[in-house]
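Below is one structure, written out as structure tokens; comments come after it.
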Ligand SMILES: Cc1cc2nc3c(=O)[nH]c(=O)nc-3n(C[C@H](O)[C@H](O)[C@H](O)COP(=O)(O)OP(=O)(O)OC[C@H]3O[C@@H](n4cnc5c(N)ncnc54)[C@H](O)[C@@H]3O)c2cc1C
């Protein structure tokens, strides 16, 4: 089983995000960056499929700046075999990212392309479907279970109130949702081994964006809380406010 996993470097969800001076991006100062959490599910699935088949490979791909190498090393430490950084600092949009990934993937032998269902920073949920279209492959999104038998695959997709079961042929593009598996932590042995695994850096030109961020706004601050009393004595006032102000 040969899998290609697309990984995006994103700000840690715990990070305190501030809008940059230009009002159209985030201020990277002091922000910790991590592997997009949904991409961890995609990577874990690729490693498990290879382990279950007893053969194959896991290649991780990312479009990003030089710092993205650090995230790719983590992927290698988790169990990927090789990494390719499509290096650029140019501006682009989801389609530009998908085109850069597709151009690299076309030249490779693979059974499955795995992505996260969405990137937790830009939240477009666009790249996997665009990749499927550009590669002319079936694309199955929001996948919480995946079974492969030869060239046939069955996936469970999370939909409102239940699961949708779909069948498709390989090769295909799959977007991983939380629940697909429990991603492993890199072991010490894995971290040591990752230092010797290939990480290729290729400079790429990204397509001009068809979409630009005009502005970013921080959500309005929350109103300050009010302590209305302590113990059971505060209950009547609390009930009154819930009834009159919150209309409960
Ligand atoms: C070098 C660079 C420059 C950019 N410049 C701009 C800019 O100038 N203006 C702007 O508005 N936005 C910019 N972006 C952000 C870019 O527009 C978004 O990354 C893009 O729209 C995809 O949306 P998303 O990240 O929400 O992806 P989603 O579609 O939500 O991501 C789903 C999945 O696609 C895969 N994926 C997404 N991005 C990447 C990636 N970079 N590498 C590998 N796999 C990926 C992952 O598996 C991810 O889980 C830039 C991004 C990069 C990497």
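Throughout, read-outs are computed from the coordinates displayed, never taken from laboratory work. Here the structure is a predicted model, which is why all the values come from computation and not from measurement. Here the Cβ is made from the backbone with ideal geometry for all residues, glycine too, and neighbour counts use every protein chain on show.
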Q: Using Cα pairs closer than 8 Å and at least 6 residues apart in sequence, work out the relative contact order for region 1-149, in percent.
A: 29
Q) Taking only DSSP H segments of four or more residues, each worth -39500 (n - 2.57), what value at 222 nm results for the chain once the sum is divided by all its residues, to the nearest 500 deg cm²/dmol? A) -8000 deg cm²/dmol
Q. Taking a ≥ b ≥ c as the square roots of the eigenvalues of the Cα gyration tensor of region 78-191, is the shape rounded (a/c under 1.5), prolate (a/b larger than b/c) or oblate?
A. rounded
Q. By average Cβ neighbour count within 10 Å, what is the ranking of 170-176, 107-113, 189-195 from highest down?
A. 170-176, 107-113, 189-195
Q) Does the chain come out rounded, prolate or oblate, given a ≥ b ≥ c as the square roots of the eigenvalues of its C-alpha gyration tensor, rounded meaning a/c under 1.5 and, failing that, prolate meaning a/b above b/c? A) prolate
Q) By the gyration tensor of its Cα atoms, with a ≥ b ≥ c the square roots of the eigenvalues, what is the shape of region 158-205: rounded for a/c under 1.5, prolate for a/b over b/c, or oblate? A) oblate
**Q.** Max mean-square fluctuation residue, GNM over the chain, Cα-Cα springs under 10 Å, options 236, 183, 220
**A.** 236
**Q.** Added length on full extension, which subtracts the Cα-Cα distance from 0.36 nm per residue, residue 165 to residue 91
**A.** 22.9 nm
Q. Where the centre of each part is set by its Cα atoms, how far does region 79-108 sit from region 198-213, in angstrom?
A. 7
Q. Extension gain residue 232-residue 123, at 0.36 nm per residue separation less the Cα-Cα distance, in nm?
A. 34.8 nm
Q. Helix 68-78: angle to the longest alpha-carbon principal axis of the chain, degrees 0 to 90, nearest 10?
A. 80
